[in-house]
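Take a look at the structure set out below.
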Amino acid sequence: MRLAEEFLLLLRDDDGALSRAPEWSVRHALGGAVLMDLALERRIDTDAERLFVIDFTPVGDQLLDSMLAEIARADRTFDALHWVRHATRRADEIRDTALARLIDNRVLELRDDRYLRIFGTRRYLLKDEATERRLTSRIKSALLADSIPDPKDAMIVTLADGCGLVSHILSAHELDAAKARINLLGKVELIGRVFLEAIEVAVQPAAAKLDTD
């Protein structure tokens with residue numbers, strides 16, 4: 001399962017709506033998830049100044065290959081922050097593809113309560129509780145154990161933290177105990193650090209407006 005799919009499972013509220021985080025942060029997370037998966041597939045790498053392709057071979061996954069091709073076609077090299085922001089433009093495509101996979105794989109079931117496809121909400125009911133339990137178990141283990149986590153587990157923790165979703169997984173006591181660990185995992189991988197930076201930058205205009213109201 002790709003990181004975008006795992007992220008959408010965490011985004012579900014108790015009624016099945018994808019409503020646990022603001023849309024602007026979700027878009028950053030979906031774009032960041034694809035870049036993280038490309039890094040896990042060893043197609044891209046990063047340093048302090050650039051994100052670049054190290055293997056042009058398609059992964060065989062439409063979620064990843066279209067982004068890989070776009071990075072490869074760029075007429076100049078950009079840093080990771082540029083690509084995280086740029087990837088938000090693909091957020092709708094990423095979301096639709098990831099949700100279709102979750103439905104096709106019988107992890108979720110779509111219930112469309114919209115009237116005339118305008119009013120109401122699309123709800124994604126959980127059909128495979130074991131998959132969700134395994135995901136939350138991995139996140140809890142990454143945050144509450146002392147062992148070095150799997151890179152993918154560190155990445156999904158970073159995506160969840162950036163969108164305020166960890167509080168839906170850990171109890172208040174566990175969350176308090178895991179704060180230092182969350183901060184540590186957010187610094188492990190450059191794309192994750194840049195994703196959190198992009199989230200922080202994106203929220204500043206809204207925060208400034210609140211301060212002046």
Lysine pairs, Cα distance under 24 Å, 8 or more residues apart or cross-chain: how many in the chain? 8
In order over the range 43-58: 3J(HN,Hα) from phi, Karplus 6.51/-1.76/1.60, θ = phi - 60°, whole Hz, x for each Gly or Pro, gives 9, 10, 9, 9, 9, 5, 10, 7, 10, 9, 7, 10, 8, 7, 5, x
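Could you state the per residue volume, in Å³, of the convex hull enclosing the Cα atoms of the chain?
154 Å³
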Leaving ligands, DNA and RNA out of it, report the carbon-plus-sulfur percent of the accessible area of the chain at a 1.4 Å probe. 49 percent
In nm, the gap between the two label points placed 7 Å beyond Cα toward Cβ at ASP61 and LEU126 is 2.3 nm
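If contacts are Cα pairs under 8 angstrom and at least 6 residues apart, what is the relative contact order of the range 45-85 in percent?
Here the relative contact order equals 51 percent.
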With a ≥ b ≥ c from the Cα gyration tensor eigenvalues, square-rooted, and the rule rounded for a/c under 1.5, otherwise prolate when a/b > b/c and oblate otherwise, the range 117-203 is oblate
Please state, rounded to one decimal and in Å, the Kirkwood hydrodynamic radius that the range 22-145 gives when every pair of distinct Cα atoms enters the mean of 1/r. 16.5 Å
Could you rank PHE78, PHE56 by how accessible they are, 1.4 Å probe, largest area first? PHE56, PHE78
Which of the DSSP-defined H helices in the chain satisfy a minimum axial length of 24 Å, computed from C-alpha atoms, and a minimum mean Kyte-Doolittle hydropathy of -1.0? 23-40, 190-212
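Taking the highest mean first, how do the peptides 25-36, 186-197 order by number of other beta carbon atoms within 10 angstrom per residue?
Highest to lowest by the protection proxy: 25-36, 186-197.
The values are calculated or read from the model by the stated rules, or taken from the named source; none is laboratory data. Here the structure is a predicted model, which is why all the values come from computation and not from measurement. Counting neighbours? That spans all protein chains shown, and the Cβs are built from the backbone with ideal geometry, glycine included. For accessibility, only protein heavy atoms count, side chains too; no ligands or nucleic acids. Shrake-Rupley method; radii C 1.70, N 1.55, O 1.52, S 1.80 Å.
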